[in-house]
Each structure stands twice: as C-alpha cells, then as structure tokens.
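Each remark here refers to the structure printed beneath this line.
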Amino acid sequence: MRCVTLFTVGMGLAASLSACSSGSDKKAPQTAAPIPQDNPLTRRGGPFRMQWAMNPLWEDGKAEVATYDAERVIYGEPRRFEYTLITVKEEFNQQYNVKTDDYQRQDVFPVIKVNQFCSIPTPNYPYHFLTSLFFRRDQPVQLHKLTSSSQEWCGNTFKAITDDGLQYQQQYNSYWDGQGAGQRALRHDVLFEDALPYTLRSLRFEERPAFEASVYELQQTSKAPAPTLYKAQIKVEDALTADTKEPAWRVRVAFTDQRQNVYWFAKVYPNLLLRQTTWDGRNLWLKAVQRYAYWPQGKPTAAAATPAADSATAQ
C-alpha cells in the first residue's frame, strides 16, 4: 500500500513530501566533516545588519505572531490553510542549549526564536509541521540551532541542526526506509532556506545588495536525505506597488535558473514578511500580525492588527 505523493507550499514546507511507502530510496552516505570556514556574510560591512535584532522592540516581553493565508498542492489539488510564524526573544543557557528557567545562571545568553507551524487538512488525513529556529540575538545570519518535525498518519520525522562552533551537526530520525536514524556534518559558511523569512529581514535593503550565498535546501520535510547545497544569487529590489498592500522590498533568491524564490518585506522596521512565492509552489500572504505573550492560558486581549498598523507601531 502506498499513501500518495504530495507536493509544494506552506512556508518552510518541503517541495516534495512523499507519504508512507516502502520506496527504493538508497541510504545517503555519511558526509565527511567539512573544513571549518567563517561565513563571509557575517563580516562587518556585508549585506546584513548584525545588530538588526538589538532594537528595543524585542525587549517588550511579547512575541510577534504573524498569520498567513497559505496554499499548497496535495493530491494534485491546491489546499488552503493557515500558517503561523512566531518571532520572540528568549534567554538560553549554555548547559542545555534551551530556554532557561533560571535567569540568575552565569551561562545565560539571548536568542531570537522563530517558530513556523501549520496544519494542512486533506481528504485522507492532516499533515502537521513545526520548525523552530534559534539565532543569537546579535547574529541574524548565522543559525544557532534548528529543530524540525513532521507528523501524519504514515509516521513522524525529526531533524535537529546545532552549531558546534566549527561546523553544523545534523541528527535525524526518519520513518523512511533507507534513512532511519543517523547524523552528518554540514558546512558552516551557509544560510538555510528555512531561515530566510527571518534572516532576510536583516538585509541592508536601502543599499539594494546583490550577492552570492550558499544555501541549504528546506529541512521542514518528512524525509531526511543529505540536504542539497545551492549557490544562490540574492538580489534586493523595490517591490511593485501592486505586489503588496504597503511599501515593500522584494528579495529574489535564485538557487538555479529554474528554481527561484521571491520574498516581500515591509520597508518599515521590523521588516515583516508580507508575501512569499517559491519555485515549488509554496505561497504565503500575510493576513494579520499582533504582539502578545502567547504562552499563558487564555486568549490575547489585543485585537489582530493589520500589517500597516503593526509596522507603524514598531517604529
């Protein structure tokens, strides 16, 4: 019995998600440890603002909760669903590399957490995806940690990527034959496609940079093969007036001539992601955004703000 192959959409979702099967995927060989390298994109004067997340906005104890209308083709038909993107400052401790409960510890350091969540209904069964990305607050480019999980009736898959200071270490546990559980080393001087909706917010948009970057493909998938590494061309342009409801920057990320993503970011800080299209059909349109502490019980009291109103408040 095979559960059908599914494709495309939902921010941070994989281009190709094949459901349960005894497929003939061959086990990917373990990659050799890469030679440690600095990421040239983090150097002073580069295309990114390293202090982007040091703005006092992130000190208010609240999370930026953005919801999107999303579209994805599953079983040959476009499915509409809601996508949630949460951005918030947290305090980590070095011992466990997670959010700390004890703020008096000596090993505490600030991070920005970005959660990407969606539940996609289909006629057969729902698909659930959650990816959590963490960046040191003064490093919006260099990923600190990533975890990603998928759950549906065929099984669940989990992946984790951590920065050991010299390279990235990826651990995975997949329900797919030929994969199972394992680990591999990844290059350090890279970006991750999952992180682009956050990392690209820190671009020096006004300078309209155009540059090359190594980018690992999406990790928010139900499979765990060795990720493809693209030499991507990234270019910032003024968005067309008709593209978005407010003034925006348009960022084109060309992985190949045939594979290009486009992201639209508000021109007003905090440069919220307003829209996304990708080469594999993952589409997002910002529906609402608000700031509140989502973790207590009960609903937030603040009404959802429009993108324009939220941008004005954030100035």
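The values are calculated or read from the model by the stated rules, or taken from the named source; none is laboratory data. These figures come from a predicted structure and were not determined experimentally. No Cβ is skipped: glycine too gets one built from the backbone with ideal geometry, and neighbour counts run over all protein chains shown.
What's the number of the only condition in (1) more than 25 Å from TYR127 (Cβ to Cβ); (2) in a loop (DSSP other than H, G, I, E, B) that GLU212 fails to meet?
Among (1) more than 25 Å from TYR127 (Cβ to Cβ); (2) in a loop (DSSP other than H, G, I, E, B), GLU212 violates only (2).
If ARG43 meets every condition in (1) more than 26 Å from VAL190 (Cβ to Cβ); (2) surrounded by fewer than 17 Cβ atoms within 10 Å (Cβ to Cβ); (3) of a type in the set (Lys, Arg) apart from one, which number is that one?
It is condition (1) that ARG43 fails.
Out of region 220-251, which residues are part of a loop (DSSP other than H, G, I, E, B), of a type in the set (S, T, N, Q) and without any contact (Cβ under 8 Å) to a residue 40 or more places away in the chain?
Within region 220-251, THR228, THR241, THR244 meet the criteria.
Just one of (1) crowded, with 21+ Cβ neighbours inside 10 Å; (2) in a strand (DSSP E or B) trips up ASP194, so point out which.
(2)
How many residues are out of contact with any Phe, Trp or Tyr (no Cβ under 6 Å at 6 or more places or on another chain) and more than 19 Å from TYR294 (Cβ to Cβ) if we restrict to region 111-134?
Going through region 111-134 one residue at a time, the tally reaches 6.
What number of residues within region 207-222 satisfy the criterion of being out of contact with any helix residue (DSSP H, G or I) (no Cβ under 9 Å at 6 or more places or on another chain) and under 8 Å from GLU193 (Cβ atoms)?
Qualifying residue count, region 207-222: 0.
Output the residues belonging to region 59-82 that are hydroxyl-bearing (Ser, Thr, Tyr), farther than 16 Å from TYR294 by Cα and modelled with pLDDT of 95 or more.
Within region 59-82, just TYR68 meets the criteria.
Looking at region 123-139, which of its residues are touching a strand residue (DSSP E or B) at 6+ places or on another chain (Cβ under 8 Å) and of a type outside the set (Phe, Trp, Tyr)?
Scanning region 123-139 gives PRO126, HIS128, LEU130, THR131, SER132, LEU133, ARG136, ARG137.
Across region 227-241, what is the total count of residues that are exposed (fewer than 15 other Cβ atoms within 10 Å of the Cβ) and within 30 Å of ARG184 (Cα to Cα)?
Here the count works out to 3.
Does GLN220 count as at pLDDT below 95 and surrounded by 22 or more Cβ atoms within 10 Å (Cβ to Cβ)?
When the stated conditions are applied, GLN220 passes them.
What are the residues in region 168-191 that are of a type in the set (S, T, N, Q) and buried (at least 18 other Cβ atoms within 10 Å of the Cβ), if any?
GLN170, SER174, GLN179
Looking at ASP102 and the list (1) free of Cβ contacts under 8 Å to residues at least 60 places away in the same chain; (2) surrounded by 14 or more Cβ atoms within 10 Å (Cβ to Cβ), which single condition is not satisfied?
For ASP102, the exception is condition (2).
Taking strands (runs of 3 or more DSSP E) that fall entirely within region 39-143, which contain at least 2 residues that are among the aromatic types (Phe, Trp, Tyr)?
Passing ranges, in order: 77-93, 108-120, 127-136.
Keeping to region 122-157, report how many residues are surrounded by 19 or more Cβ atoms within 10 Å (Cβ to Cβ), more than 30 Å from ASN55 (Cα to Cα) and β-branched (Val, Ile, Thr).
1
Select, from GLY182, GLY178, the only residue that is part of a loop (DSSP other than H, G, I, E, B) and not β-branched (Val, Ile, Thr).
That would be GLY178, the only listed residue that is part of a loop (DSSP other than H, G, I, E, B) and not β-branched (Val, Ile, Thr).
Do any residues in region 57-83 that are closer than 14 Å to CYS118 by Cβ and without any contact (Cβ under 8 Å) to a residue 60 or more places away in the chain have Cβ atoms under 6 Å from those of residues that are acidic (Asp, Glu) and assigned to a strand (DSSP E or B), where the two are at least six apart or on different chains, and which pairs are they?
Hits for this filter: ARG80/GLU71.
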